[in-house]
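I have placed the structure first, in the form of structure tokens, so that the comments after it can refer back to it.
The numbers here are math on the coordinates, done by the rules we state, and not lab data. This structure is a prediction, so every number in the text was calculated from the model and none was measured. Using ideal geometry, Cβ is built from the backbone for each residue, glycine included, and neighbour counts are taken over all protein chains shown.
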Amino acid sequence: MLENAGEIFKLLNCTGLLRVDYFVTDKDQFYVNEVNTMPGFTSFSMFPALWEKTDGTTYGQLIEKLIELAFENHQQKKKILKERKK
């Protein structure tokens, strides 16, 4: 299922934080229910809790990484816009 969520992320051209909610039938059919571009995000929410459980990333580290990614994304968009104006 993780691969499917990653494919949806790429298909929708997403960046940063995202949660893909989906249903799986008893025949292993996969249906996307919704995409949450800013799911609940407190130190008790599932998103940061899963990061800490899977690779040890703390809540603070995750916030720092998301901020870094946002700045990188902003700089990249500015560069693209600047190139288009030429």
Inset, instruction - Neighbouring Cβ atoms within 10 Å as the yardstick, rank 3, 68 fewest first. - result: 3, 68
Legend entry - Reachable lysines from residue 79, criterion Cα separation under 24 angstrom, eight or more residues apart if same chain: 10, 65
Inset, instruction - Kindly give Rg over Rh for the chain, based on alpha-carbon atoms, with the Kirkwood expression for the hydrodynamic radius. - result: 1.06
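Just in the range 1-69: which trypsin sites (Lys or Arg not before Pro) are loop by DSSP and have at most 16 other Cβ atoms within 10 Å?
27
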Inset, instruction - Quickly rank 29-35, 78-84 as a protection proxy: mean count of other C-beta atoms within 10 Å, highest first. - result: 29-35, 78-84
Inset, instruction - Report the charge-dipole magnitude of the chain in Debye, nearest 20, computed about the Cα centre from +1 at each Lys and Arg Cβ and -1 at each Asp and Glu Cβ. - result: 820 debye
Legend entry - Test item: Cα-centred dipole of the range 40-86, Lys/Arg +1 and Asp/Glu -1 on Cβ, debye: 640 debye
